[in-house]
Amino acid sequence: MSAKPLLMGYAGMDYGTFAEIRLRSVPVEVFETYKDRLPELLRRKAEYYYREYARAEAGAELWRKGDLEGYGQLVFERGKSSIYNYESGCDELKKVYEIMTETDGIYGGRFSGAGFKGCYTALIDPEYAEEIEAKVTAEYLKAYPALEGKYSFHLCESADGAAL
């Protein structure tokens with residue numbers, strides 16, 4: 001089951017067929033009005049969607065203003081919501097998230113490819129690059145020693161897009 005037809009049904013909205021429904025078709029006001037009627041898992045996943053949409057808009061504005069700390073905080077919030085509301089991420093990537101949130105010099109970060117061991121991308125202050133690499137590597141490999149030789153850290157310039 002999905003939150004989309006439930007929310008649209010509660011609001012008396014015509015939703016056509018199940019295949020045609022997209023959460024983006026449900027106004028946030030409808031979600032706010034009826035979210036307490038949803039089963040917890042569906043509510044949390046819908047919550048993730050609506051909050052992520054708002055974070056993306058706010059993040060774009062912070063980026064335009066050059067507010068890296070504010071932007072990074074939103075990216076970290078996205079990661080937390082992805083883990084706890086959307087229930088994504090493998091244990092290894094959740095650990096990197098945890099380490100990164102506790103590391104000086106990191107504005108924000110997120111993981112991708114979470115179901116396939118994926119990667120973690122962070123926006124950092126380059127002045128802290130060596131300290132970040134040392135701390136994250138040490139703490140991560142302490143938690144997952146079997147990944148010695150498989151884990152890697154790459155520092156990329158992002159002015160024209162990230163590249164290795």
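The values are calculated or read from the model by the stated rules, or taken from the named source; none is laboratory data. Bear in mind the structure is a predicted one, so any value in this text is a computation, not a measurement. Every residue, glycine as well, gets a Cβ built from its backbone with ideal geometry; the counts of neighbours run over all protein chains shown. Ligands, DNA and RNA are excluded from the accessible area calculation, which covers all protein heavy atoms including side chains. Shrake-Rupley method; radii C 1.70, N 1.55, O 1.52, S 1.80 Å.
At 1.4 Å probe size, with the rest of the protein present, what percent of the exposed accessible area of the chain is carbon and sulfur atoms?
51 percent
I'd like to verify something in the chain: which complete DSSP H helices, judged by Cα projection on the helix axis, reach 20 Å or more and average at least -0.5 on the Kyte-Doolittle scale?
The answer, listed by residue number, is 68-84, 129-143.
Given labels modelled 7 Å from the Cα in the Cβ direction, how far is it in nm from Lys65 to Tyr53?
The answer from the label model is 2.3 nm.
Which whole-number value in Å² is the accessible area per residue of the range 81-162, probe 1.4 Å?
Computed with neighbouring chains in place, this is 63 Å² per residue.
Sort 52-59, 145-152 by the packing proxy (mean of other Cβ within 10 Å over each peptide's residues), most packed first.
Peptide ranking by packing, descending: 52-59, 145-152.
Lys/Arg Cβ at +1, Asp/Glu Cβ at -1, dipole of the range 68-154 taken about the Cα centre: which of Gly89, Thr137, Gly149 is farthest positive-ward?
The listed residue farthest towards the positive side: Gly89.
Positive end of the dipole of the range 1-84, charges at C-beta (+1 Lys, Arg; -1 Asp, Glu), about the Cα centre: which of Pro5, Gln73, Ala19 has its Cα farthest in that direction?
Value computed over the given set: Ala19.
How much length, in nm to one decimal, is gained on full extension between Leu41 and Ser2, taken as 0.36 nm per residue of separation minus their Cα-Cα distance?
This chain segment gains 13.1 nm when fully extended.
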